[in-house]
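Worksheet for the structure shown next.
The values are calculated or read from the model by the stated rules, or taken from the named source; none is laboratory data. These numbers come from a predicted model, not from an experiment. Neighbour counts are summed over all protein chains in view; Cβ atoms, including those assigned to glycine, are modelled from backbone coordinates with ideal geometry.
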Amino acid sequence: MTTQWSNDTPIYLQLYQQVIERILDGVINEGEALPSVRTVAAEYRLNPLTISKAYQMLQEEGIVDKQRGKGLFIRPGTREDVLQRERQNFLQQEWPAIMRRIERLALTPENLLKGKQEGSV
C-alpha cells in the first residue's frame with residue numbers, strides 16, 4: 001500500500017480503494033488474507049481505527065469474509081464482482097467528463113489511438 005496520502009480524501013477511503021485496486025491488479029487474490037489491522041497500522045503509522053474502518057467497509061460490501069481468530073479473507077468471486085462494479089462506476093461517473101473533454105478538444109478515435117501508440121497526439 002502507499003505511504004503518500006491525499007489530503008482530499010479520508011485515509012480510510014484511500015486504504016479501501018487500494019485494496020480494491022490490488023484485487024483488480026491480481027496482487028491480492030481470492031482466498032488470501034488481508035494484513036492484520038495491527039500490521040497495517042504499524043507499517044504506515046496510522047491509527048488502527050482508520051484501518052478498521054476501511055476493513056469494515058470491505059466486509060459490509062461482501063468483498064471480504066471474517067474468519068474468527070484468523071482474519072479477513074478475500075471472498076471467492078470477488079474480483080469479477082469488483083471488476084463489474086468498477087466498470088459501472090467508471091462509465092457512469094468518470095466517462096461522461098472524459099467524453100466532454102474529448103469533444104472539447106475535437107479529438108477523433110484515430111487521434112486517441114495514435115496518441116496511445118506513440119505516446120503523444
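For the reader, a short list of remarks on this structure follows.
- Note on segment 39-65: residues that are within 16 Å of TYR16 (Cα to Cα) and basic (Lys, Arg) total 1.
- Residue ranges of helices (runs of 4 or more DSSP H) in segment 40-121 with at least 1 members of a type in the set (Gly, Ala, Ser): 48-60, 95-104, 109-118
- Qualifying residue in segment 5-16 (condition: at pLDDT below 95, assigned to a loop (DSSP other than H, G, I, E, B) and in contact with a Leu (Cβ under 8 Å, 6 or more places away or on another chain)): no
- Criterion: of a type in the set (A, V, I, L, M, F, W, C) and without any contact (Cβ under 8 Å) to a residue 40 or more places away in the chain - qualifying residue of ILE102, ILE63, ILE74, ILE23: ILE102
- Residues of segment 26-60 that are hydrophobic (A, V, I, L, M, F, W, C) and without any contact (Cβ under 8 Å) to a residue 12 or more places away in the chain: VAL27, ALA41, ALA42, LEU49.
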